[in-house]
Amino acid sequence: MGLSLADYRDLVDLSTPYPRPDLLSGEEKVAACDKLLRFLLRERGLIAAFSASYERKRELVRGYANGRAPLPVPPEILAVQDALFWTESVERGIVRAEEIPEVKYGISLWQGDITRLSADAIVNAANKSLLGCFLAGHHCIDNAIHSFAGMQLRDDCAKIVAAQGREEACGEAKATRAYNLPGRYVIHTVGPMVGRGTKEADRASLRACYHACLDLAEEMELQSIAFCCISTGTFNFPQEEAAEIATGTVLGWKMRRPENKLKVIFNTFLPRDTEIYADILKMI
């Protein structure tokens, strides 16, 4: 059995809203990026050389943070990071969950970058280490969520895994604060990795992911949750079948709880996924 919410909620301080720093000017963003890069380079025993463009230095900050172990970060460095990352969240444009129209039964569909969503929780398609993607600048949702939330997210996940005494099992869910993302929480779940052909065990595991996230959202008394397309990327679950499982599981969960008003947003990034979900939702 994995940890229950009660087992770890104080460990990662789920009760305290994360403060929002003042927004930075263009010059202040450059200075903040330089400070972060200097810190990350010194951790590796490297000398900071700042002849590169701001865009290149920002890429380096992301890449070095991606590969960084879950170690403590000095408060003054976290303050610099948070100011820069929160400014970037605002600049990307915040999309509020309540502004996304409902399709039916409290279910919505929205295509875009999930890190822009101001939902009570966004769901991260995590790996079993729960520590995020360590590949510099990798284009997966796990990497993006950890990169834009901040270095605290990996540290929180490491605390949960250490307390649990094992890696995260497929079909479970854990919550952390979202830090510099617009929402309040990130719910991490590990979906099935599909080999040659989808097996019934894979389908059951994917259903378990959605059930675990929904049950956790209910336990935390959340008002909204945004699901990414769990397991359909590098984990290779077929898009159409994954969408059918996702919508069927969510609809069944909601039908069994008519009193629960949780808003569920299916977040898609690829146009093909949007088409698949739109076609399915037309039939409910």
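Residues checked against (1) hydroxyl-bearing (Ser, Thr, Tyr); (2) closer than 23 Å to Ala126 by Cβ:
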residue	(1), (2)
Thr234	yes, yes
Gly248	no, yes
Met255	no, no
Asn260	no, no
Lys263	no, yes
Phe266	no, yes
Ala278	no, no
Lys282	no, no
* Structure fact -> Checked against (1) of a type in the set (Gly, Ala, Ser); (2) out of contact with any His (no Cβ under 8 Å at 6 or more places or on another chain); (3) buried (at least 19 other Cβ atoms within 10 Å of the Cβ), Gly132 satisfies every condition except (2)
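In region 44-100, how many residues are of a type in the set (Phe, Trp, Tyr) and over 14 Å from Gly150 (Cβ atoms)? Lay out the reasoning, then the answer.
Residues of region 44-100 of a type in the set (Phe, Trp, Tyr): 50, 54, 64, 85-86.
Now narrow it down to the ones that are over 14 Å from Gly150 (Cβ atoms): 50, 54.
Residues that pass the stated criteria total 2.
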* Which residues, taken from region 164-203, are of a type in the set (Gly, Ala, Ser), within 21 Å of Arg257 (Cβ to Cβ) and either within 11 Å of the chain's Cα centre (by Cα) or surrounded by fewer than 21 Cβ atoms within 10 Å (Cβ to Cβ) (or both)? -> Gly171, Ala175
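Of everything in region 211-234 that's among the hydrophobic types (A, V, I, L, M, F, W, C) and assigned to a loop (DSSP other than H, G, I, E, B), which residue is surrounded by the fewest Cβ atoms within 10 Å (Cβ to Cβ)? Show your work before the answer.
The first filter runs over region 211-234 and keeps only residues among the hydrophobic types (A, V, I, L, M, F, W, C), leaving 212-214, 216-217, 220, 222, 225-230.
If we keep only those that are assigned to a loop (DSSP other than H, G, I, E, B) too, we end up with 220, 222, 228-230.
Values: Met220: 17, Leu222: 20, Cys228: 24, Cys229: 25, Ile230: 25.
My answer is Met220.
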* Asked: Is it true that some residue in region 69-90 is of a type in the set (S, T, N, Q) and either within 26 Å of Asp7 (Cβ to Cβ) or touching a Cys at 6+ places or on another chain (Cβ under 9 Å) (or both)?
  -> no
* How many residues does region 235-246 contain that are over 17 Å from Ala173 (Cβ atoms) and open to solvent by 10 Å² or more (accessible area, probe 1.4 Å)? -> 6
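Across region 31-42, what is the number of residues that are in contact with a helix residue (DSSP H, G or I) (Cβ under 8 Å, 6 or more places away or on another chain) and open to solvent by 60 Å² or more (accessible area, probe 1.4 Å)? Quick ask: steps written out before the conclusion?
Of all residues in region 31-42, those in contact with a helix residue (DSSP H, G or I) (Cβ under 8 Å, 6 or more places away or on another chain) come to 32-37, 39-41.
Those left that are additionally open to solvent by 60 Å² or more (accessible area, probe 1.4 Å): 35.
Qualifying residue count, region 31-42: 1.
So, of the residues in region 256-269 that are open to solvent by 80 Å² or more (accessible area, probe 1.4 Å) and touching a residue at least 12 places away in the same chain (Cβ under 8 Å), which turns out to be nearest to the chain's Cα centre (by Cα)?
The initial filter retains those residues of region 256-269 that are open to solvent by 80 Å² or more (accessible area, probe 1.4 Å), namely 256, 258-259, 261, 269.
Checking which are touching a residue at least 12 places away in the same chain (Cβ under 8 Å) leaves us with 261, 269.
Values: Lys261: 22, Phe269: 14 Å.
Checked region 256-269; the qualifying residue nearest to the chain's Cα centre (by Cα) is Phe269.
The values are calculated or read from the model by the stated rules, or taken from the named source; none is laboratory data. All of these numbers come straight from a predicted model, not from anything done at the bench. Here the Cβ is made from the backbone with ideal geometry for all residues, glycine too, and neighbour counts use every protein chain on show. Ligands, DNA and RNA are stripped out before the accessible areas are found, and what is left, the full protein with its side chains, is counted by its heavy atoms. Shrake-Rupley method; radii C 1.70, N 1.55, O 1.52, S 1.80 Å.
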